[in-house]
Amino acid sequence: MAEVVGAYFTSHVPAIGGAIHRGDQQTPYWKPFFDGFLRVHEWLAEVKPDVAVVFNNDHGLNFFLDCLPTFAVGAAHEYHNADEGWGLPLYKSFAGHPALSWHIIEQLVGDEFDPATCQKMKVDHALSIPFELAWPDVDAWPVKIVPVAINTVQHPLPSAKRCLALGRSIHRALASWQGDERIVVIGTGGLSHQLDGARAGFMNPEYDRFCLDNLASDPDALTHHSIHDIVRLSGTQGVEVLNWIAARGALGPTAREVHRNYHIPISNTAAATLLLDPV
Ligand code: DHB
Ligand code: FE
C-alpha cells in the first residue's frame, strides 16, 4: 500500500531562484534561510518519497482574473515551468502521475468538492522554488507530482476550513491508493507578506508563530479565522498559508514537528520552512 511519509512546507519567493542561480546561498543575506534546508535534505534522504502532492497557488500563469477556479488538480503526464521570470532560470520538467491525479479527483468529487481537472497545467515559482530548495543539483526530479492549485489570488477565496477539509479528502484518497508509492505532501507560499497596496511590506511574526505552533497538533485552530481575518493578520499574499493548511490536512490526522526555520525577511516575505512526520 502507498504511504504518506511526511509533509514539507516552505515559502516560494521568486528571488530565491535568483540566489540559487548566482550561488548566493552562503552570503549573509541568504545563509540563515538556506541553512534551514540542511535538515530538509537529510529528512528527504530518510523518508525517500517518490511522489509529491503539491498544494500551491497559480500566480496568473494558467488562470488569470477572468477565469479562476477555486481548486484545480493537475492530471498531466508532464508539467513545465513557465514562470514569469524574476531571475529564475527555466527548469527541467516535472513528471506527472495521472493515475493518482484521477484517483484524487474521484475522491474529491465523491466528497462533494468540485475541482477543475487540468490535463494541461504549467507550473511556476510556487512549485519550482520548493523543488530546487529540496533537491538542489539533481539531473532529474526524484518524485512524480500531483499539483493542486488553490485560489489565493482573487476574492472570494476558499475558507481555511474548506482548505483543511480539501486536504483531508485528499488524505483519504492517498490512504486508499493501491500503489506502493511513498508520498510526500508539500505546501508552498507564505508566510506573512503583502506585496501591494498601503500595507506593502507588511509581515506578522506573531501570527506566523501561531500558524507554525499549531499546524502539527491542532490545525483546526487555523480555521477559526475568516479569510478577511487571515488577510488582516498575514497580508494579501500571506493568505498563501491556505496551501499549508490544505497540505496539513493531506498528511493525516496526527503529526509531529521535525524541523522548522523562520527568517525575516526574504524579499518581502517572512520565510518559513517546516517538516512534519505523520504519527
Ligand atoms: C514574493 C513572495 C511571493 O509569494 C510571490 O509569489 C512573489 C514574490 C516576494 O516576497 O518577493
Ligand atoms: Fe506567492
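Laboratory data are not the source of any read-out in this text; all were calculated from the coordinates shown. Everything quoted here is computed from the prediction, not taken from an experiment. Quick reminder, even Gly has a Cβ in these numbers, built from the backbone with ideal geometry, and neighbours come from all protein chains shown.
Name the shape class, rounded, prolate or oblate, that the alpha-carbon gyration tensor gives for the stretch 101-179, where a ≥ b ≥ c are the square roots of its eigenvalues, rounded holds for a/c under 1.5, and otherwise prolate holds if a/b is larger than b/c and oblate otherwise.
Since a/c reaches 1.5 but b/c is at least a/b, the shape of the stretch 101-179 is classed as oblate.
Of all DSSP beta bridges in the chain, what percent run antiparallel (nearest 5)? Mind dumping the intermediate values first?
On the way: 19 of 43 bridges.
Among the beta bridges of the chain, antiparallel pairing accounts for roughly 45 percent.
Taking 8 Å as the Cα distance limit and 6 or more residues as the minimum spacing, I'd like the relative contact order of the chain as a percentage.
31
Can you put 22, 232 in order, fewest other beta carbons within 10 Å first?
22, 232
Just to be sure I understand the model, the point goes 7 Å from the Cα along the line to the Cβ. What's the resulting residue 48 to residue 210 distance in nm?
It works out to 4.2 nm between the two label points.
Which order do the peptides 135-144, 112-121, 185-194 come out in when sorted by mean C-beta neighbours inside 10 angstrom, highest first?
185-194, 112-121, 135-144
Can you tell me what share of the DSSP beta bridges in the stretch 1-153 is antiparallel? A percent to the nearest 5 is fine.
So the antiparallel bridges amount to about 30 percent of the total.
Assuming R0 = 35 Å, what is the FRET efficiency of residue 196 and residue 21, from their Cβ-Cβ distance, to the nearest 0.05? Write out the running numbers ahead of the final one.
Working: r = 25 Å, r/R0 = 0.72.
Once rounded, the FRET efficiency stands at 0.85.
Let me confirm the definition first: pairs of Lys residues in the chain, 8 or more apart or on different chains, C-alpha distance under 18 Å. How many are there?
6
Checking the a/c ratio against 1.5 first, then a/b against b/c, what shape does the Cα gyration tensor give for the chain?
Rounded, because the longest to shortest axis ratio a/c is under 1.5.
What full-extension length gain, to one decimal in nm, is calculated for residue 77 and residue 226 as 0.36 nm per residue of separation minus the Cα-Cα distance?
Numbers: separation 149, 0.36 × 149 = 53.64 nm, distance 3.62 nm.
My answer for the length gained is 50.0 nm.
Divide by every residue of the chain the summed helix terms, -39500 (n - 2.57) for each DSSP H run of at least 4, and state the resulting mean residue ellipticity at 222 nm, rounded to the nearest 500 deg cm²/dmol. List each step's numbers first, then the result.
Numbers: 9 runs with 92 residues, N = 279.
Mean residue ellipticity, 222 nm, calculated: -10000 deg cm²/dmol.
Using a Gaussian network for the chain with springs between C-alpha atoms less than 10 Å apart, which of these wobbles most: 180, 66, 218?
Its mean-square fluctuation being the largest, the pick is 66.
Mind telling me which of 38, 61, 133 comes out most flexible in a GNM of the chain, alpha-carbon contacts under 10 Å?
Evaluated over the chain, the most mobile residue of the options is 38.
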